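A.B. asks: The following block contains the structure, expressed as structure tokens.
Read-outs: derived from the displayed coordinates by stated rules, not from any lab. Model, not experiment: these values are computed from the prediction. Every residue, glycine as well, gets a Cβ built from its backbone with ideal geometry; the counts of neighbours run over all protein chains shown.
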Amino acid sequence: MKHLIFLIIGNLMNFQRLNIFLFLIFSINFLSASSFSDERLQRITAMLDDLVEEKQFPGFVTIITKDGKPILKVVNGYKDIDKKIPMKEDALFRIYSMSKPITGVALMILVDRGLIKLSDPISKFIPEFKNTKVVNEAGDFFNLDRPVTVLDAATHTSGLIYAWLPTETIANDIYEEKNLHPYYYLDLEVTADQTDFSIPPGKPFSNICEFAQELASAPLVHQPGEKWTYGVGMDLLGCVIEKVSGMTFGNFMQENIFDPLGMKDTSFAVPESEINRFTSMYTHKGASVGDIQREFNDEIFPDDLILMDSYEESPYLKMNKVEDGGSGLISTADDYLKFGQMLNDRGSFGGKTILSEEAFSMLSESYMENFGLLGVVSLGMGQAICMAKITNPAFSQFYQSEGSLSWGGAASTIFWADPVEDIVLVHMTQVLGHPLDLRADLDRLTYSSKN
């Protein structure tokens, strides 16, 4: 009988401990969820709804997670305006330069394995870069002071450019002559009498290494490591990864990033079975890529968006010949959230390790402070491997915590991963060359929603 009493008492005590334990778990989850005001978060919904109603954007999929759980989902507007097809949460988007952070992680996987060093010269993998020159504004060519390194290519300090960004050198003309553009490049200069666009066919390169080899014949616009210049350096990293891994770039990312993270909808082309999930892409009259000195006027914001690339006829529906890690991927908001959460968890996700702690520290280190695009300096931000990092929130225009990683894409897509608050935001839409950058508004409205 005594044993029975002790057993009952013991079970009651264990039950109480269990209740306390469950209460603590519930309380922690409740506090996490309630650390943001639902009412204030709805200001983001209202802003995005207004932008769709004003015909500035076709539609959005915007998701914010806290501690890995959604605190806001906005799915509005259309994936195709003319056909009135509503946007859905699983829509496929052209993420353009949001491909770069994924390429950076792919690179660091091989660094982690000891197969690449950031200090390695690019010419170790692409010998044609042994003969690359630098050109000045007068059109004079010079030898390099030192080789272009993997780190240079991964931090926009190589001297490689995008042809559509002004450099005041003849390098832009040489890039144009050699067709040294991203695979899905559009020459966007929208005028009032242009109402229909498509991505030009006839890309001359058969794979990413052929592109990289031809890139070596074009001049750099400054000495390697001298300064920050936005360009195609991260595109050629795909060739480096292919040479070292012995795999195609796409297969390497599939096996080492997409499959482990469960990113089932991220790739370099839209599968035929998923065409109906793909979005159409638009622009505005008066828009241009590379020109940020634009006024907000009726010419930029007409009544209608202009179709640039239909989801039914896009070159993304064909197998991509050049797997372009600088701008070639398509993805979903859900897939990119997984990638962002992996960054917040310092290289791990769902019990799987993508990068070691040492490799992640190298990925997220700031290699250049206060870099700037087109002369606009980003104070309080640094250039990490293939993405930006908040280094000093006091000087940054954003409310994100120190150590937050972020980037965006040409079609107005945005992401950031804040490891201190454990917040991930992924913002998807499809408007190329839009002068309205929503990241500051999304940042302000998100962090001002904290209780």
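A.B. asks: Separation between the N370 and Y447 pseudo-spin-labels, each 7 Å from Cα along Cα→Cβ, expressed in nm?
C.D. replies: 1.9 nm
A.B. asks: How would you classify the range 47-447 from its alpha-carbon gyration tensor, with a ≥ b ≥ c the square roots of the eigenvalues: rounded for a/c under 1.5, else prolate if a/b is greater than b/c, otherwise oblate? Provide the component values of the computation, followed by the final result.
C.D. replies: Working: a/c = 1.40, a/b = 1.17, b/c = 1.20.
Taking the square roots of the gyration eigenvalues as a ≥ b ≥ c, the range 47-447 is rounded.
A.B. asks: Also, I was wondering about something else. Using 21 Å as the Cα-Cα cut-off, could you pick out the over-long pairs in K79/K450; K84/K264; K100/K227; K79/K100; K88/K321; K55/K84?
C.D. replies: K79/K450; K84/K264; K79/K100; K88/K321
A.B. asks: For V424, V135, what's the fewest-to-most ordering of other Cβ within 10 Å of each Cβ?
C.D. replies: V135, V424
A.B. asks: Go through the range 81-144 and name the GluC sites (Glu not before Pro) that are in a DSSP coil and have 14 or fewer other Cβ atoms within 10 Å of their Cβ.
C.D. replies: E89, E137
A.B. asks: Separate question: Pull out the extension gain between N251 and E402, defined as 0.36 nm times the separation in residues minus the alpha carbon to alpha carbon distance; nm, one decimal. Each step should come with its number before you reach the end.
C.D. replies: On the way: separation 151, 0.36 × 151 = 54.36 nm, distance 3.37 nm.
Extending this stretch completely gives an extra 51.0 nm.
A.B. asks: Can you say what percent of the DSSP beta bridges in the range 47-447, counting only those with both residues inside, are antiparallel? Round to 5.
C.D. replies: Beta bridges within the range 47-447, antiparallel portion: roughly 95 percent.
A.B. asks: Going from the alpha-carbon gyration tensor of the range 226-270, what semi-axes, largest first and in whole Å, does one get by taking the root of 5 times each eigenvalue? Before the final figure, lay out each step's value.
C.D. replies: Values: eigenvalues 110, 40, 18 Å².
Equivalent ellipsoid of the range 226-270: 23, 14, 10 Å, largest first.
A.B. asks: Here is a follow-up. Taking the Cα of S35, stepping 7 Å toward and past its beta carbon, and measuring to each backbone N in the range 429-451: which are under 12 Å?
C.D. replies: 450-451
A.B. asks: So, how do all the Cα-to-Cα distances of the range 313-397 break down into 5 Å bins, in percent, from 0 on up?
C.D. replies: 3, 12, 15, 17, 18, 17, 11, 6, 2, 0
A.B. asks: Long-range amide H contacts for I85: which residues qualify at under 5 Å (H placed 1.01 Å from N, peptide plane, sequence gap of 5 or more or a different chain)?
C.D. replies: Excluding prolines and chain starts, which carry no amide H, the hits are K79, D80.
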